[in-house]
Structures are given as structure tokens and as C-alpha cells.
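**Q** One structure coming up, written as C-alpha cells, with questions to follow.
Computed from the coordinates by the stated procedures, all read-outs in this text should not be read as laboratory data. Because the structure is a prediction, the values reported are computed rather than measured. As a convention, Cβ positions derive from the backbone with ideal geometry for all residues, glycine included, and neighbour counts pool all protein chains shown.
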Amino acid sequence: MPIEVHLDKLLTDREMTLTELSSQVGITLANLSIFKTGKARAIRFSTLEAICEALDCQPADLLTYRR
Amino acid sequence: MLTNLEIGEESRYFDAAPTVTAPILLDREDTDSRIVGVLGVLSLLALAWVALLQLRRIVRSARDGDPFDPRNVARFRWLAATVLVARLVLEAGERILTRTLDVDIPVEASLAQTGWLPVFGAALGLLALSEIFRAGSELRAFEQETV
């Protein structure tokens, strides 16, 4: 998939686990895992907003596009 | 009133041979027709069983809260095929019985209560439903993979 998700790196930098992020943003662990592994087909703006707020980052830190 | 009309003498009294619609009881010695009848009934029962099985699975998936299960797409297509095959079985039965019936006068067996048009309509309706469920199951899959 050309869209790369850098959630792993951001979690490591913030010393946060996926479970902690899940409880903060109100997304299930399963869904976050789907997102982290790049298997998600789409992401809602509300989810993106919640993750960026929890990780104090920009969407561009989370997602990049590679041809 | 015309009585005791001899077979073959219809043309003396009618411009065209009159047709009479009547049920025929199969003679015990007419084994060919009886075999055809039994095979036809067994075929239709088998098709009815297949159709009921598919319907039951569709209803169960809806009752379980997940009607847009991708397997329902194939189930609706099977139902459409079953409807068409059942009509084909009746058509084949009519043609075979017309040949095997052991009667002295020309007969044409008629088993189907409807023509082909309603059957095609029903099959198309079921295929349309399968397409609706296919779109629904794709939307469901997309929703499941949306975070």
C-alpha cells in the first residue's frame, strides 16, 4: 500500500503502548492494530484527530505517501 | 349433442380438433410414465430442499445481525438457479410424459402452472437481490476496515 503508517515509531518515541493509546483515543485495540499494520482501508478524520491529540503530532508525522 | 365421437372423426364435425384440459390418472401398467413422474417429483423435492436450505441460512444470518455476509451473495444466486432448474425439470417432464403416456388419443402433458416469463422474473429478482447483498457486504467489509 502506498500510504505508510508510522504509528510504531511515534509510540516508541512517546514511550507509549498501543493499549494505552487505545484507551486514550477510544478506539479498540483491534482497530488500532489494523491501522498500525497498514491494513486499514480508510481512517476517519475523528480518529486521526484523536490519535494526533494523544500523541501530540501532526498527520504528516503519522502518514506518508510513497509512490 | 354429440356423443360417442369416434377417434379420427373429429374433422367431420369440427374445423379444428377441440382441446380438452383434464387431469390424467396414470395407469398402473404405464410404468414409463410412472417412472418419469416419480423422478420428476424427486427432482423437484431435491431442488426445494436446496432452496429451503439456502433460505434458512440467509434468514439465520439476518437473525444473527449480519445479513451482509458475503456467503449470502452466492446463496441468492443458488436460489435463482434453483428456480430456473425447477422450471426446466417441469418442462422436461412435460415433454417426456407427452411421449410416454399410454393413451389412445393425442395428449400434451402440462405440469407447470406458469410460463417462463414469471420464472425469469423471479430469477432476475433473486439475482438483483444477490447484487444488492454483494454491494452491502463490500460496504460492510470497508466499514470493518475503517478505523
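**Q** Take A:THR12 and B:GLN113, extend 7 Å from each Cα along the Cα→Cβ direction, and tell me the distance between the two endpoints in nm.
**A** 7.2
**Q** Over segment B:24-146, what is the relative contact order in percent, taking alpha-carbon pairs closer than 8 angstrom and at least six residues apart? Please list the in-between numbers first.
**A** Details: 103 pairs, mean separation 40.1, N = 123.
Dividing the mean separation by the residue count of segment B:24-146 yields 33 percent.
**Q** Go ahead and run the numbers for FRET between B:LEU26 and B:ARG57, Cβ-Cβ distance against an R0 of 45 Å, rounding to 0.05.
**A** The formula returns an efficiency of 0.75 here.
**Q** Return B:ARG12, B:ARG34, A:ARG67 ranked ascending by Cβ neighbour count within 10 Å, so the fewest neighbours appear first.
**A** Placing the least packed residue first, the sequence is A:ARG67, B:ARG12, B:ARG34.
**Q** Pick from B:GLU91, B:GLU131, B:GLU29 the residue whose mean-square fluctuation is largest in a GNM of chain B, springs joining Cα atoms under 10 Å.
**A** Of the options given, B:GLU29 has the highest mean-square fluctuation.
**Q** Averaged over its residues, how many other protein chain Cβ atoms are within 10 Å of peptide B:79-85's Cβ atoms?
**A** On the way: counts 0, 0, 0, 0, 0, 0, 0.
That average works out to 0.
**Q** May I pose another question? Could you tell me the ratio Rg/Rh of the protein assembly as shown? Both radii from Cα atoms, Rh via Kirkwood.
**A** Here the Rg-to-Rh quotient is 1.38.
**Q** Per 5 Å bin, what percent of the C-alpha pairs of segment B:19-147 does each bin hold, from zero upward?
**A** So the P(r) values, bin by bin, are 2, 10, 15, 16, 13, 11, 9, 7, 6, 5, 3, 2, 1, 0, 0, 0.
**Q** Ok, one more. For n ≥ 4 DSSP H runs only, could you compute -39500 (n - 2.57) per run for chain B, divide by its residues and tell me the 222 nm figure to the nearest 500?
**A** The per-residue figure over chain B is -22500 deg cm²/dmol.
**Q** For chain A and segment B:29-73, what is the separation of their C-alpha centers, rounded to whole Å?
**A** Distance between centres, Cα-based: 48 Å.
**Q** With the dipole of segment B:24-146 worked out from charges on the C-beta (+1 for Lys and Arg, -1 for Asp and Glu) around the Cα centre, which of B:ALA51, B:ALA123, B:PRO67 lies farthest toward the positive end?
**A** With unit charges placed on the Cβ atoms, the residue in question is B:PRO67.
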